[in-house]
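Report on the following structure.
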Amino acid sequence: MSAIRTMPLADLRQGLHVSVSQIKSWLMCPRKYQYQYVLGTEPAHRPVALAFGTACHRALEAFYEYLQAHGRKPPVDQVQTAFVDRWAVEVGDPLPLLFDEDQTADQAKDQGVALLGAFYQQGFVPDEVIAVEQPFGIELVDPETAEVCDIPMVGAIDLVARHQGRVWMIEHKTAARRFTADRIAWDFQPTSYLFAARNLGLDNPAAAFQILLKTKKPSCETIPVNRNHESEIEMLDTFQHALRGIEAGAFPRNRGWGCADCQFKHKCGG
Ligand code: SF4
């Protein structure tokens, strides 16, 4: 079966590799994938949701690193400051952010501070933090031919934690609305985490989304996901088909809701 490598993420990313987000990007719009990962096209802007998510991610990382080191939660303002500091970096980037209509950087900052306050009250506090940003590299096997692909899948698990007798792989998300049942059932990210965990030799690992909801009243929910062997086979099958498409140079446009804040719309026409 596949091997897993646990060297630093920067080292894993040195060689040819693919990530879950790259495959999801190709599935969403192959032309956008081509601009971003094949041609290295200069983007016109950065979507604000991406920058906001990065800043929230950094704050959660700081929270769990503190919990791991001290065995208790950090003060809430320490978590909120981690968000504010990272948000300032995002806003200061020379590539401009594309804000939603009537939204400003300060409003987004206030929203982030409130969201981290909700996380602090409602978020996942495990019995023990095992790792924050755990890197992994896994060989991809074609489920039809059993051949090992020469491009490994590389990624990092947001949080690995022991809780109530099981080891949990947690994926952090920020979202404007609740995830649909389909997304919870099929998203490849937790599937890849569980696949990596099983290849690491973990017995009966579990996975969950921790979602910071940017609703009018900010909230945070942790949603366990169910995956089985068939889920992993389906993920590998989808990856194989996507990689064949990429190798064959299949990069059609897929116009839809994702075009509205696409960073490469200026190149794409229409
Ligand atoms: S504008 Fe739409 S079709 Fe064109 S690359 Fe972006 S997402 Fe794809």
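The values are calculated or read from the model by the stated rules, or taken from the named source; none is laboratory data. What you see is a predicted model, and the numbers here were worked out from it, not measured in a lab. Cβ coordinates were reconstructed from backbone atoms using ideal geometry, including for glycine residues, and neighbour counts include every protein chain displayed.
Being of a type in the set (Asp, Glu) and at pLDDT 95 or above, is that true of even one residue in region 143-150? So far as region 143-150 goes, no, none of its residues is of a type in the set (Asp, Glu) and at pLDDT 95 or above. Would you confirm, using the coordinates I've provided, whether Glu133 is among the acidic types (Asp, Glu) and either assigned to a loop (DSSP other than H, G, I, E, B) or without any contact (Cβ under 8 Å) to a residue 24 or more places away in the chain (or both)? When the stated conditions are applied, Glu133 does not pass them.
Which residues, taken from region 42-63, are outside any helix (DSSP H, G or I) and basic (Lys, Arg)? Correct list: Arg46 only. As for region 54-68, it holds no residue that is touching a Pro at 6+ places or on another chain (Cβ under 7 Å), touching a residue at least 24 places away in the same chain (Cβ under 8 Å) and closer than 21 Å to Gly269 by Cβ. Filtered by the rule that a residue be under 30 Å from Leu140 (Cα atoms) and acidic (Asp, Glu), region 244-270 gives a lone residue, Glu247. Comparison of Leu212, Leu236, Leu202 shows that the only residue that is of a type in the set (A, V, I, L, M) and touching a Ser or Thr at 6+ places or on another chain (Cβ under 6 Å) is Leu212.
Within region 168-195, residues that are touching a residue at least 60 places away in the same chain (Cβ under 8 Å) and under 26 Å from Ile130 (Cα atoms) have Cβ atoms under 8 Å from residues that are assigned to a loop (DSSP other than H, G, I, E, B) and of a type in the set (Phe, Trp, Tyr) in these pairs: Lys173/Phe179, counting only partners at least 6 apart in sequence or on another chain. Being acidic (Asp, Glu), under 21 Å from His17 (Cβ atoms) and surrounded by fewer than 19 Cβ atoms within 10 Å (Cβ to Cβ) holds for only one residue in Glu133, Glu144, Glu128, and it is Glu133. The set of residues from region 102-130 being over 13 Å from Phe63 (Cβ atoms), assigned to a strand (DSSP E or B) and at pLDDT 95 or above comprises just one member, Glu128. Screening Ala206 with (1) modelled with pLDDT under 95; (2) in contact with a His (Cβ under 9 Å, 6 or more places away or on another chain); (3) more than 16 Å from the ligand (Cβ to nearest atom) gives one miss only, at (1).
Here is the figure for region 215-267: residues that are part of a loop (DSSP other than H, G, I, E, B), more than 16 Å from the ligand (Cβ to nearest atom) and either among the acidic types (Asp, Glu) or under 26 Å from Gln164 (Cβ atoms) (or both) total 3. Candidates are the residues of region 2-41 that are in a loop (DSSP other than H, G, I, E, B) and at pLDDT 95 or above; the one that is nearest to the ligand (Cβ to nearest atom) is Cys29. Report yes if Ala161 is modelled with pLDDT of 95 or more and either assigned to a strand (DSSP E or B) or among the charged types (D, E, K, R) (or both), otherwise no. For Ala161, the condition - modelled with pLDDT of 95 or more and either assigned to a strand (DSSP E or B) or among the charged types (D, E, K, R) (or both) - is met.
Just a yes or no: is a residue in region 54-77 touching a Leu at 6+ places or on another chain (Cβ under 9 Å), over 30 Å from Gly165 (Cβ atoms) and surrounded by 14 or more Cβ atoms within 10 Å (Cβ to Cβ)? No, the conditions are met nowhere in region 54-77.
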